[in-house]
Amino acid sequence: MADDQISIRVCLGTSGKASGGEKVLTLFKMHIERLHLDARVGTRCSVKKVGCRGLCSRDVLVDVIINGEHTTYQNVTPSMVERIVKEHLLEGNPVDEWTVKEDYAEFTSRQYKIVLGPCGVIDPENIDDYLKMNGYRALKKALTRMTPEDVIEEVKRSGLRGRGGSGFLTGLKWEICRAQKEKTRYIICNVGEVNRALAEGNPHAIIEGLIIGGYAIGASQGYIFIRERYHLSVERLRNAIAQAQERGFLGENIFGSGFNFNIEFSFGTEAFICGEETALMETIEGKRAMPRLRPPYPAEKGLWGKPTIINNAETFSNIPIIIGKGAVWFSSIGTEHSKGTKVFTLSGKVRNNGLVEVPMGISFRTIVYGIGGGIEEDRRLKAIQVGGPSGGLIPESMIDMGLDYENLLKVGSIIGSGGMVVFDETDCIVSVARFFLEFLQRESCGKCVPCRLGTTRMLELLTKITEGRGSMKDIEALERLSAIMSTASLCGLGRTAPNPVITSLTHFREEYLAHIKEKRCPAGVCKALITYTILEDLCKGCGVCLRRCPAGAITGERKMPHSINQALCVKCGVCFEACKFKAIKKE
Amino acid sequence: MPETSLTKKMVRCSINGVSVEVPEGTTILEAAKALGIYIPALCYHPKISITGACRVCLVEVDGAAVVSCATPVEEGMTVITNSPYVEELRKDIIDLILSDHPYDCMVCQKAGDCELQELAYLYQIRYPKFQGKKRMYKKRDGNPFIEREMEKCIQCGRCVKICDEVQGVGAIDFAYKGFDLKVCPPFEHDLDCEFCGQCVMVCPTGALVGKDWIARGRQMNIKKVDTVCPYCGCGCNITLHVRNNEVVRVTSSPDTFNEGYLCVKGRFGYKFINHPDRLKSPLIKRNGRFVEVSWDEALDYVAERFKEIKERYGPDALAGLSSARCTVEDNYLFQKFFRAAIGTNNIDHCARY
Ligand SMILES: Cc1cc2nc3c(=O)[nH]c(=O)nc-3n(C[C@H](O)[C@H](O)[C@H](O)COP(=O)(O)O)c2cc1C
Ligand code: SF4
Ligand code: SF4
Ligand code: SF4
Ligand code: FES
């Protein structure tokens, strides 16, 4: 971008849109036009929509770039636009009170954005923006100067591993597929929840990666599998496909190479199991989303019984980078066996929730205290759950560990879908494990016994413990169920479902024991184990608690100490919050 | 060259220390069967594609547990079907299945013939150690032939597959998911299908049984009589289950030419045998009323009348309509009789209508 321009970027990801981004964008355009800004400051002024840059709680985020000078505004609402245009664009004085502060720099500076890089910079609906950033050059290079085998070799050398779950070496998987006798092959892009920002912010990278993948394995038909609910992702991918077709990057004889490739959409429902690759193929075939047996593996016999490759959208987004910049460059990022970067949704009790991309090997400490800005109210970190619902809980004592596939596996977790939830001392680990099991139990497809009944019984046991009805035998049962499920389940869901239970039992056993033996929830979360009592010597008899209690459990004369009828108390804690004299004890 | 057992590559493996050679592609379960080694299997059924859902067929291969019904034998494989490791796993998986089972074997039609009960017995699981909620259904299927007690269903999928893959009907499938997974007809309406009962035949538990079987006799005091189905010329082999000289059930064995498959009439249409309205001797109408007569008398009477009609009006005044209940040989004789003995080509068959 030339320096003598004013460029305004408005975040229009799902969150940006929800926060009123479209209105903000329109207002910028309107004010600029009305003030004849172009003429007055003597330069070209552009306003464009960009994808998400990760910090959705600050949306609408707006970048103003004047002569290469970056200013970012956070939480921009339509009413703020006029002042920004007037003071900043026209008079050259940024509105300091609305710009991002140091924490924003903390959040961004420790990340390493290679796949998310263009998100938040380019207009995802304009292919020319992508082309300006070397878009589709990797495709051209692959198709005109490399054989499919060369491409596979390059991907193998890069050390790229799948970003959607098991972390299998992508190049190796492609090679197995290419070696099949059957010549009709398919390639599928699996767009998960975490990939939405990618699809919304830089859809062309996914498509370019998918086409290169198709060329490498010898498939001429690609599918994008996506949940119907991700409207904006679908819209932007659809738009990107149409543009790529127009420019001849899709269709017949791409770059005169004789290679043909087309992409179709396949829509899934919300069910978690749809993301599992064999269930996903069943879905595309119009059947019930239930996993298939392996072997045969999809690379040998997949969609419609043909050799099929399924990769995650983030995996595909890495492909143009690897082909473009080379395997050597790519493999310089990361650790010995885990190369490149990984996108995570950082959430939970950290100050900065959002979408982050970090180099493999980064420590959890840097993620939580650097990028995440530390724990809310400086409370104590308790555990980090990595890998989505079936990931493991990593205790605070391990936060100096580097984040990569091997280390996570060692501590009983997975990279999985790229979820990362931070828990602090106010979270009850048993409840956390129960929460994840509740999700997994609901999402089990029910095909195989260990998962269908294992998750059900596990959830019941965890519920029992959180309600103070647990016994030591229940711990034994949980451990036995974990072993059965992780060895005997049919698919990854059932096999990884015990992870939160196993890891929490390993690292936070004492919390389980407190619930079982002392009937106490150390974090004060499990309602059944909390008692609220009024301390007579502190109670002034003001009656606030009595009026607020929704269950009518509090009685007492005015100016006399009140008391709580435990049989009626529903443990909502309203009285505890309401008492100004700290006369209510929670234990 | 088409692949036959002669051209197919053979692979050798050892199961519980016994060496066996099988054609490539044979599963561990099938290979074990050939050796007479029993591996429990609840979702596997030889007539349908592999499901791999129940996981009770686990065996140990190189220290890892694999499902024997779905894992092909590989050259040099060492399989152990009864190590403490897999036996424990298997037992706990059966335990889990039992933890969501009604436990009313006392009154269950299938007792004594139930594959789940047999496993509970073999593994001596009196009460499951895993305990919790069980599926309960208020609505009962109102179809006339098949009692579908879905609380007893172990979600193995055999019925779904036999109906789809063998019978080609697809009357039932899974609905819901996870714990609530349920086999049912579309929209949980009453079953309205061919009622061939193939699903009943393959169901390992008492979830699917004939409505008319209930409380008429289980396995004890049953005399099994092999015979041929009287309904049509196919002549399926059936087995009558007779108790106190009454047919209480009809089954068919998988080693018959009809492979155990029957149609609704053969499987469920046996109640006419003891029905009071059943005709047991010929009737002749006299003075406007039917009277029972002997076969000799009836045949003489018919022959007499045929002759009369033929003499008076010519052979073409007569016509023969044959029944699909007759065999091909019967039908051949029938048309021969009409053409040669009566002398008319007026001959037809109910199967044309
Ligand atoms: C229950 C379950 C859900 C999954 N959901 C997703 C998903 O949403 N997106 C995804 O890319 N992979 C998901 N996976 C992993 C896929 O099965 C598959 O391994 C992956 O898409 C392969 O791509 P990769 O090699 O690029 O990681 C899921 C796996 C399981 C067992
Ligand atoms: S492990 Fe769970 S989700 Fe996977 S096939 Fe079994 S029941 Fe279905
Ligand atoms: S009776 Fe036959 S047609 Fe009906 S559900 Fe069973 S197998 Fe299918
Ligand atoms: S009804 Fe019987 S055959 Fe069908 S799934 Fe249930 S247990 Fe299996
Ligand atoms: S018989 Fe093998 S999994 Fe059911």
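Read the figures in this text as sums done on the coordinates, not as results from a lab. Every value quoted in this text rests on a predicted model; they were computed, and no experiment measured them. Note that we place each Cβ from the backbone using ideal geometry, even for glycine, and neighbour counts take in every protein chain shown.
Things worth noting here:
- Residues A:Ser79, A:Ser417, arranged from fewest to most other Cβ atoms within 10 angstrom of their Cβ, appear as A:Ser79, A:Ser417.
- The distance between label points at A:Lys517 and A:Glu82 comes to 6.8 nm (points 7 Å beyond Cα on the Cα→Cβ vector).
- Between helix A:313-325 and chain A: long-axis angle, C-alpha atoms, 0 to 90°, nearest 10: 40 degrees
- Kirkwood hydrodynamic radius (C-alpha pairs) into Stokes-Einstein, chain B, 25 °C and 0.890 mPa s, D in µm²/s: 100 µm²/s
- Using distinct alpha-carbon pairs, which all enter the 1/r mean, Kirkwood radius of the range A:429-517 in Å: 12.5 Å
- Relative contact order [Cα under 8 Å, 6+ residues apart], the range A:377-520, whole percent: 28 percent
- Averaged over peptide B:154-161, the number of partner chain Cβ atoms lying within 10 Å of each residue's Cβ comes to 1.
- Per-residue average of Cβ from other chains inside 10 Å of A:475-486: 2
- Residue pairs, from the table A:Lys349/B:Lys177; B:Lys129/B:Lys182; B:Lys139/B:Lys161, whose Cα atoms sit over 28 Å apart: A:Lys349/B:Lys177
- Which of B:Cys236, B:Cys163, B:Cys105 has the fewest Cβ neighbours within 10 Å, and the rest in rising order: B:Cys105, B:Cys236, B:Cys163
- Förster radius 25 Å - calculated FRET efficiency between A:Ser363 and B:Glu74 (Cβ-Cβ, nearest 0.05): 0.05
- Look at the stretch B:49-60: the mean tally of other chain Cβ atoms within 10 Å of its residues' Cβ atoms is 4.
- Estimated FRET transfer efficiency when R0 is 22 angstrom, pair A:Glu557-A:Lys527 (beta carbons, to 0.05): 0.15
- Tilt relative to chain A, helix A:21-34 - C-alpha long axis, 0 to 90 degrees, to 10: 60 degrees
- Cα gyration tensor shape for the range A:6-100, rounded if a/c is under 1.5, else prolate or oblate: prolate
- Taking a point 7 Å from the Cα of B:Glu87 along the Cα-to-Cβ direction, the residues of the range A:441-485 with backbone N closer than 19 Å to it are A:484.
- Taken along the Cα-to-beta-carbon direction at a fixed 7 Å, the label points for A:Gln5 and B:Arg305 span 10.3 nm.
- Between the helical axis of A:449-466 and the longest alpha-carbon principal axis of chain A there is an angle of about 40 degrees.
- Computed label-point distance, nm, for sites A:Asn93 and A:Lys132 using a 7 Å Cα→Cβ extension: 3.1 nm
- Taking all Cα pairs closer than 8 Å and separated by 6 or more residues, the relative contact order of chain A comes to 11 percent.
- Cα shape, the range A:134-331, gyration tensor, a/c 1.5 rule: rounded
- Rounded if a/c under 1.5, otherwise prolate or oblate - chain A, Cα gyration tensor axes: oblate
- Sequence of B:Lys211, A:Lys301 once ranked by neighbouring C-beta atoms within 10 Å, starting from the fewest: B:Lys211, A:Lys301
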